[in-house]
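Taking it in order: structure first as structure tokens, then the write-up.
The values are calculated or read from the model by the stated rules, or taken from the named source; none is laboratory data. Quick caveat, the model's predicted, so the values are computed rather than measured. So basically every Cβ, Gly included, is an ideal-geometry build from the backbone, and we count neighbours across all protein chains shown. Ligands, DNA and RNA are stripped out before the accessible areas are found, and what is left, the full protein with its side chains, is counted by its heavy atoms. Shrake-Rupley method; radii C 1.70, N 1.55, O 1.52, S 1.80 Å.
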Amino acid sequence: TAAAATDAAAGLPADFLWGVATSSYQIEGAVAEDGRTPSIWDTFCRVPGAVVDGENGDTACDHYHRMPDDVALIAGLGVDSYRFSIAWPRVQPGGRGPANAAGLAFYDRLVDELLAKGVLPWITLYHWDLPQELEDAGGWPTRDTAHRFADYAELVMDALGDRVRHWTTLNEPWCSAMLGYDQGVHAPGRTHFPDAIKAVHHLLLGHGLAAQRLRAAAPEPIQLGITLNMGNAYPASDRQADRDAARRADGLGARLYLDPLIHGRYPADVISDLALRGAEIPVQDGDLAAISEPLDMLGVNYYSSHVFSGTPEDGEPETRPSGEPYSRIVPQNLPVTAMGWDIIPRGLTDLLTRLGRDYPGLPLYITENGAAFDDTADADGRVQDDDRTAYLADHIRAVAAARAAGADVRGYFAWSLMDNFEWAYGYDKRFGLVRVDYDTQRRTLKQSAEWYRDTVRRSREQRG
Ligand code: PNW
């Protein structure tokens, strides 16, 4: 694999940042320890049929009890940085009021452990584990949740700001709003599109208010950002209907977030598309100024891309009764991952190139990229995952191609450090570079982990 490793990182600069990523609920377990209260995911996992095999994060990878060993594993991969998230209900039980010292102590130790091993901590404040009490009070569709998030953010800054410079407010607000409040396939499992759009605005407002408070409270200059999940939306053809379909998909998936964050306004075409679906963005005076608090970086989570058609198939109407235009995803017959997601590295190049063009001056980091495959482990837990290695190599090359085309991409975090609780799919889907045996909690480097370690090492050798 050495030749492939050299090849994949070729063209990336010596100071390119390499990392691995996880999130709190997906790995920690210990859901009732040291004062942690339930999050919306603890509740959602108890809904019959919500998660494959009725699984939950009660134990997950037991990272809460194995943290020093896991940090040693990270350091062994030779990466520069580790992206992890803080469990809000651990550090501020119930989502309001004073900090919980026992919960904060875990992240305190984690940060110290990372720094002692020369690994840079990248903190994400919200990776979907909203305290259940805040959902009971209305959740993200309710404006107050944004203020609660800003308070929480400051509380974490007060505890860790002396050692942590890299701060991300939200992970993938599209997923929180759309999967959680419109599709109902993620916590809290609600299905009302207008509420989901309220959630979008209050997530963004929470980001902006938190950004202001984080900067004000930081003892040293920080790098502040937000992470969005995006794909590149391709039109099925040059026909106007298909280009419109791609524009609308990109509007709801990307510009609804990017434009207020970076330009301080919601895109007019998306606002009118939302109106056709009975949804309105509840903007109040001053909101957009807060939301567009300047960012130091944008995190991009990339897994796949779609091709869109606005041209009806035989017999289908051009518009829905609501007046919404016709739109559909066109299957591409490409190789897929175990999630059924098309493998389209070129979509990452095109997405990054477009972001560089439309939002210039904003440093970009790939904060997640990776794949689930049906791993087969031998008796020693070893996995020969050439499919995952190829996925990672092809996407790292896609990043290099985007840089060559002018995009300011400065780092790459592989998702994920280890197999973990894959949300509605439970433990069925494995994204890890490291295999986790859930019976014994034994960790074993997969072949892709060794490949990634070699890639990082070779890339770093250029640093001189
Ligand atoms: C991301 N979609 O989730 C999350 O940030 C991770 O926690 C997760 O494990 C990873 O990707 C793999 O799924 C997504 O339906 C979940 O488009 C669903 C979608 C996108 C991202």
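For the range 156-170, indicate whether the set of residues that are touching a Phe, Trp or Tyr at 6+ places or on another chain (Cβ under 7 Å), more than 11 Å from the ligand (Cβ to nearest atom), among the aliphatic types (A, V, I, L, M) and closer than 19 Å to P89 by Cα is non-empty.
Yes, the range 156-170 contains a residue that is touching a Phe, Trp or Tyr at 6+ places or on another chain (Cβ under 7 Å), more than 11 Å from the ligand (Cβ to nearest atom), among the aliphatic types (A, V, I, L, M) and closer than 19 Å to P89 by Cα.
Testing R190 on (1) open to solvent by 40 Å² or more (accessible area, probe 1.4 Å); (2) of a type outside the set (V, I, T); (3) more than 30 Å from P48 (Cβ to Cβ), one condition comes back false. Which one is that?
(3)
Starting from residues that are assigned to a helix (DSSP H, G or I) and of a type in the set (K, R), keep the ones in the range 376-398 and report whichever is nearest to A449 (Cα to Cα). Break it down into steps so the answer makes sense when it comes.
Looking only at the range 376-398, we keep the residues that are assigned to a helix (DSSP H, G or I), and these are 386-398.
Next, from what is left, pick out any that are of a type in the set (K, R): 388, 397.
On the way: R388: 10, R397: 17 Å.
Top of the filtered list is R388.
If the Cβ limit is 6 Å and pairs must be 6+ apart or interchain, which residue in the range 23-46 that is closer than 12 Å to P188 by Cβ and within 16 Å of the ligand (Cβ to nearest atom) pairs with which residue that is among the hydroxyl-bearing types (S, T, Y) and at pLDDT 95 or above?
Pairs found: W41/Y25.
When only residues in the range 279-297 that are assigned to a loop (DSSP other than H, G, I, E, B) and under 23 Å from L348 (Cβ atoms) count, which is least open to solvent (accessible area, probe 1.4 Å)?
Going residue by residue through the range 279-297, those that are assigned to a loop (DSSP other than H, G, I, E, B) are 279-286, 292-296.
So of that shortlist, the ones also under 23 Å from L348 (Cβ atoms) come out as 295-296.
Numbers: L295: 30, D296: 55 Å².
If we take residues in the range 279-297 being assigned to a loop (DSSP other than H, G, I, E, B) and under 23 Å from L348 (Cβ atoms), then L295 is least open to solvent (accessible area, probe 1.4 Å).
Out of the range 163-187, which residues are open to solvent by 10 Å² or more (accessible area, probe 1.4 Å), in a helix (DSSP H, G or I) and over 29 Å from G411 (Cα atoms)?
Answer for the range 163-187, where residues must be open to solvent by 10 Å² or more (accessible area, probe 1.4 Å), in a helix (DSSP H, G or I) and over 29 Å from G411 (Cα atoms): just D182.
For a quick check of your reading of the model, give me the residue pairs whose first member lies in the range 178-199 and is in contact (Cβ under 8 Å) with a residue 24 or more places away in the chain and of a type in the set (S, T, Y), whose second is part of a helix (DSSP H, G or I) and open to solvent by 30 Å² or more (accessible area, probe 1.4 Å), with beta-carbon atoms closer than 9 Å and at least 6 apart or on different chains.
Y181/D195; Y181/K198
Taking the stated definitions as given, is I366 open to solvent by less than 30 Å² (accessible area, probe 1.4 Å), within 16 Å of the ligand (Cβ to nearest atom), touching a Phe, Trp or Tyr at 6+ places or on another chain (Cβ under 7 Å) and of a type outside the set (S, T, N, Q)? I'd like the intermediate steps shown before the answer.
Numbers: open to solvent by less than 30 Å² (accessible area, probe 1.4 Å): yes; within 16 Å of the ligand (Cβ to nearest atom): yes; touching a Phe, Trp or Tyr at 6+ places or on another chain (Cβ under 7 Å): yes; of a type outside the set (S, T, N, Q): yes.
The answer is yes for I366.
Scanning the range 298-320 for residues that are at pLDDT 95 or above and assigned to a strand (DSSP E or B), which turns out farthest from the ligand (Cβ to nearest atom)? Please lay out each step first, then the result.
Just the residues of the range 298-320 that are at pLDDT 95 or above, to begin with: 298-310.
Retained after the next criterion (residues that are assigned to a strand (DSSP E or B)): 298-301, 306-309.
Working: L298: 15, G299: 10, V300: 11, N301: 5, H306: 10, V307: 15, F308: 15, S309: 19 Å.
Only one residue tops the list, namely S309.
Name every residue in the range 404-417 that is more than 16 Å from the ligand (Cβ to nearest atom) and either open to solvent by less than 10 Å² (accessible area, probe 1.4 Å) or charged (D, E, K, R) (or both), in order of residue number.
Listed by number, the residues that qualify are A407, D408, V409, R410, G411.
Applying the selection to the range 370-403, what residues are more than 16 Å from the ligand (Cβ to nearest atom) and hydroxyl-bearing (S, T, Y)?
T376, T389
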